[in-house]
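The structure appears below as structure tokens.
The values are calculated or read from the model by the stated rules, or taken from the named source; none is laboratory data. Keep in mind that this is a model prediction, so the values were computed, not measured. Cβ sites come from the backbone with ideal geometry, for glycine too, and all protein chains shown count toward neighbours. With ligands, DNA and RNA removed, areas are computed over all heavy atoms of the protein, side chains included. Shrake-Rupley method; radii C 1.70, N 1.55, O 1.52, S 1.80 Å.
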Amino acid sequence: MRTGRSALAFTSARVVGRWTGLGSRHALVRSQRPQRALYLFAARRSFRSLESESWALRRQHLFAAPIARSSSRRAMHLRASAVNGAGGASTDGAVNVPYQLPPKEIQQLVDAAIDPAISVAPQTREYFLELERPPLPPIAQLSLPELRLAGYRFQASTYTPSRVDYFRSMRLHRLNEPTAPALPIDGMPAEHQGIGYVKWSPSGERAAFCLYDPEVGLELWLLEVQTRQTRPVLRTFHRSDTPAPICPAGALQAVLSGRDLPRRLRLNAVTGDAFAWCGDSRSLLVKLVVYDQAEDTAGGNPTKAERWRRTQRPTVPLGPKVQVHESATAAPGRTYQDLLQDTYDMEQFELYTTSQLVRIDVLTGDCVCIGPPASVRYASPSPDARYVLVDAVQRPYSVVLPASRFPHTVDVYDLERGAHVRNIATVPLQDRIPVAFDGVTDAPRAIGWRSDVLEPATVTWVEAQDGGDPDRPADIRDVAYALEAPFEAPRGTAILQLAQRFTGLQWGTDTLALVSERWWKTRSLRVYRFEPGAQLTATDASPKSLQLVFDIPNWEDAYNDPGDVLTRQTANGKRVIRTVSCDGRTVLLSGEGASDGGERPFLDTYHLDSGERHRLWQSRPPHYENFVAIFEDDDQEITQLPQRILISRESGTEPPNFYVVRLTNRVAIPSAMSMAASTDYFQTRQQPYQQLLQLTHFPHPAPQLRDVSRELVYYTRRLDGVRLNASLYLPPGYDPRRDGRLPLFMWAYPREFKSADAAGQLRDSPYRFVRLARTPLYWLTQGYAVLDGPAMPIIGQGEREANDEYVEQLVASAEAAVDYVVDERGIADRHRIAIGGHSYGAFMAANLLCHAPHLFACGIARSGAYNRTLTPFGFQAEERTLWKAREVYTQMSPYLYADRIQAPLLLIHGEADNNPGTFPLQSERLYQALRGLGKVVRLVLLPHESHVYQARESVLHVLHEMHVWLERWCKHRALREGGKKEEAVANGPVLSTDARAVAKAEEEQ
């Protein structure tokens, strides 16, 4: 269960991507659960591949990197250390290798068209936008100059994030006529380089978006839905083929006089979204560039020119770099990337992140400056559109922490006049936060607006009472405060006291709000109900004043997850709890419905006082259906039960598409019944829902591979009897009698758990669509069986930590998976099984080659970390430091056991990896160790690539490297090793093992 989070997008399934504003910045984490704002995506994933998918082959981004077009591929080269021939000759240095292509079947999957994104207007749900996604960007795009400062990566010439994609086109449709031709949109320039940051106004009457120019940056535009007219809000590109801007340059410059802004007004998106809607649906908050290097250094402003001069690092250094710590107070920190290096970087950081916040009325063109120029991280308008909360970074900066830990201030400004109203918090450098997962700053945090009231506007925040240290004994861990407009009270009013760590707040009405607290060491979560109006005036803010709603002893227990509380968008764009009863105590819950039969998402009503639960809808076999959103008007009576909902539907051979359906009945769920049992109970009592409308008709991306077989399989780990599961895929047309045993590619990602019961639960569905365009399923086209996502649970029950037995449990899980596909199913050849993974999965693969050399013919490790002593303040789910768990760190480091590796290992890493801990140095040092020990190893370093590989050339080359490695060291292992051929053949027929195939694979390497 998740509470207190404002979802910014919804999808047909959990999607790869970390959401920043309305877009994704390529990370391998599960997105927020589907609900809330209307952004639809056809999910191109299987749950098991989620953490292990290593690049954005099927990006679910709403906006991301600029699209660059090139008529010919730029001659880029790959730095690679090569192993040539069966004899294992090695190079003494790096070798430049031209980009290569994988087999055409794999290449076709990579280049297959991507389903468009669908963005539905809020409130009335009358229109939706169809946004065409781009293909993979060329390597030339990633080769553009990029600044990496304090955790931000951006293009200095455009003040935009680098490595993100923009949509190619935008079309407007009526929702009740989804297959009709798109409505014409007037005013758009005939040619543009991309569309991004598409945001509906809270009313749904208009949408704001940006056009991208690779030389200038972003230009803000507005679409009026009823007239279908577009106009630029600000003139940035100076095109002659577009309408006049809403805000004329002269009028804006008059407002900005004295602010010393450049003559060319540009949006600044370095630290986040460049604009946001206000609650009145007619005003936009815009961040404008303050320092423009080209203009400032051309002689127009000596003061600014001097500041730019101070960013130039001299060729001859003036002295050494010095860092010092003379305090007895510990200042731990994880291993961050892209940090500031010196005072020159600090000066650059300030110039590029400084923005002038401006409010623009899109109906009249009137403008107001909000406060002075500052390094604005975010600006949040109040629900009544009278104030704005501004978070701005301050000096002193740090060279050991990212900008998210820099000092910052949070202030309230008047939106009408732009004047400063009140400082809410001044947060110092956050370099003393404990590394434990419940460690937080002792300064105000989680600062935001109370979203359920218009007047008076109310700011809330949380402060730790234990110094932010979970190891310090305390009866009260966190206290929540509130401060009402006009913000004149000396300090906020304490409204809540929590015994555990604050997790989130969800506002509903003056008599309903939910607050959640958690404790990491026990994985426990509690959700309470309280009355905001009463708490603001009450003298007792202790935990006794809260009413317990959910007490979840272990949030890892998917089979008893009650679901997420649904919210609705108000007319001012804020989100509040959706209630569906006259007493305002019945809410809606949406959950995954996990059970031994697979996930079956559901939608329930739940009475917060009595605990009565009624099921309105649940996914029905033989499809996997996922609740997406309530499809009623957002301004409907909040006491009304939903009649229409939006769902996605898919099956093993049908890709996800979106449907509007009508609910027919609700079924009371007995209070004593478990969540898992409620699935079967509802299935026998439900009435089929009525399908009203199919919103999308996305085709199968690879119909020629429709016959790929997928099976959810189960087996047991002998070490402790834990039940494991995996997805077993067989190539099209596979006949075990004719084809015999297959080479098998296993791709996995380990996870930590506190209980064996939770570790053995199924978190998948047998009815999910088989999306082949991802690792490792590409190799189904090459005659391999694939075991995708075999469970590798690392369990630490009671007082024990999971990693205390990491190696033993990891090896036992791998042995169980291998024994299942070889002995129980007779599908795989025991001597031709390869193991692979990305990030923490790469770390797993290297460990398995160290500690279970008998299991795998070869390994592939992409973008991993292999020496845990280089991440001494914790990693993944390990919160202990190296000095508290020295033996654990040592035993988990495959680098320290490299001498035990016997199987060939392919190492791949992006040279610009930005993930904490997975520095390219990790792969380079492991390669050097294996090379020095006489092992078979190959290292591929990808120019310009980060933790997630993006460029088409890089993605295809990685697949080429993996294919050749698997062909040489896995599929054709029997013929190559000669003496083992008979043993392998006795285990099953060997496919495609003629000598010419082996020679060709070795020649390609």
Item to check | Most to least accessible of Phe237, Phe602 (protein chains only, probe 1.4 Å) | outcome: Phe237, Phe602
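When the accessible area of region 200-355 is split by element with a 1.4 Å probe, what percent falls to carbon and sulfur?
51
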Next on the checklist: Can you give me the distance in nm between label points at Asp510 and Gln928, each placed 7 Å from the Cα along the Cα-to-Cβ direction?
Outcome noted: 6.8
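Working out 0.36 nm times the residue gap between Ser524 and Gln690, then minus their Cα-Cα distance, what length gain in nm do you get to one decimal? Spell out each step's value before the answer.
Working: separation 166, 0.36 × 166 = 59.76 nm, distance 3.89 nm.
Additional length available on full extension: 55.9 nm.
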Checklist outcome for this item: Pairs over 25 Å Cα to Cα, from Lys199/Lys287; Lys521/Lys574; Lys884/Lys935; Lys104/Lys971, come to Lys521/Lys574; Lys884/Lys935
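Shape of region 708-790 from its Cα gyration tensor (a ≥ b ≥ c, root eigenvalues): rounded if a/c is under 1.5, otherwise prolate when a/b > b/c, or oblate? All intermediate terms of the calculation are to be shown ahead of the outcome.
Values: a/c = 2.27, a/b = 1.79, b/c = 1.27.
The shape class here is prolate.
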Next on the checklist: Run lengths n ≥ 4 of DSSP H only: what is the helix-derived mean residue ellipticity at 222 nm for the chain, with -39500 (n - 2.57) per run over all residues, to the nearest 500?
Outcome noted: -4000 deg cm²/dmol
Checklist entry - Considering only protein heavy atoms, what per residue accessible area in square angstrom results for region 195-277 with a 1.4 angstrom probe? => result 34
Checklist entry - What ³J(HN,Hα) values, in whole Hz, does the Karplus curve 6.51 cos²θ - 1.76 cosθ + 1.60 give for region 516-532 when θ = phi - 60°, with x put for Gly and Pro? => result 10, 9, 9, 9, 4, 4, 9, 6, 9, 9, 10, 10, 10, 9, 8, 9, x
Checklist entry - Could you give me the ³J(HN,Hα) list for region 430-447, computed from phi with Karplus coefficients 6.51, -1.76, 1.60 and θ = phi - 60°, whole Hz, x at Gly and Pro? => result 9, 10, 10, 6, x, 6, 4, 5, 9, x, 9, 6, 8, 8, x, 9, 6, 7
Next on the checklist: In whole percent, and with a 1.4 Å probe on the protein chains, what portion of the accessible area of region 757-907 is carbon and sulfur?
Outcome noted: 44
Item to check | Stretchable slack from Ser709 to Glu132, in nm (0.36 nm times residue separation minus alpha-carbon distance) | outcome: 204.7 nm
Checklist outcome for this item: Nearest-0.05 FRET efficiency for His325 and Arg422 at R0 = 25 Å, using Cβ-Cβ distance, is 0.10
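Where a ≥ b ≥ c are the square roots of the eigenvalues of the C-alpha gyration tensor, would you call region 482-531 rounded, which needs a/c under 1.5, or, failing that, prolate if a/b is larger than b/c, or oblate? Provide the component values of the computation, followed by the final result.
On the way: a/c = 3.42, a/b = 1.77, b/c = 1.93.
Since a/c reaches 1.5 but b/c is at least a/b, the shape of region 482-531 is classed as oblate.
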Checklist entry - Per residue, how much accessible area does region 795-912 have with a 1.4 Å probe, in Å²? => result 30
Checklist entry - Among (i) 1.04; (ii) 1.90; (iii) 0.94, which is the computed Cα Rg over 2.2 N^0.38 Å? => result (iii)
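I'd like to compare 549-555, 763-769: which one has the highest average count of other Cβ atoms within 10 Å, and what's the full order after that? List each step's numbers first, then the result.
On the way: 549-555: 16.7, 763-769: 22.4.
Descending mean neighbour count gives 763-769, 549-555.
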Checklist outcome for this item: region 788-833 and region 520-579 have their Cα centres apart by a whole-number Å value of 37
Checklist outcome for this item: Regression test value, accessible area per residue of region 581-723, probe 1.4 Å, units Å², expected 41
Checklist entry - Helix 920-932 sits at what angle to the longest principal axis of the chain, using alpha carbons and giving 0 to 90 degrees rounded to 10? => result 20
Checklist outcome for this item: Residue by residue through region 908-919, the couplings from Karplus 6.51 cos²θ - 1.76 cosθ + 1.60 with θ = phi - 60°, in Hz, x for Gly and Pro, are 10, 8, x, 5, 10, 4, 10, 7, x, x, 9, 5
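Could you pull out the chymotrypsin sites (Phe, Trp or Tyr not before Pro) across region 473-537 that fall in loop regions by DSSP (anything but H, G, I, E, B) with no more than 11 other Cβ atoms inside 10 Å?
Numbers: sites: Tyr481, Phe487, Phe502, Trp507, Trp519, Trp520, Tyr528, Phe530; in loops: Phe487.
Filter output for region 473-537: empty list.
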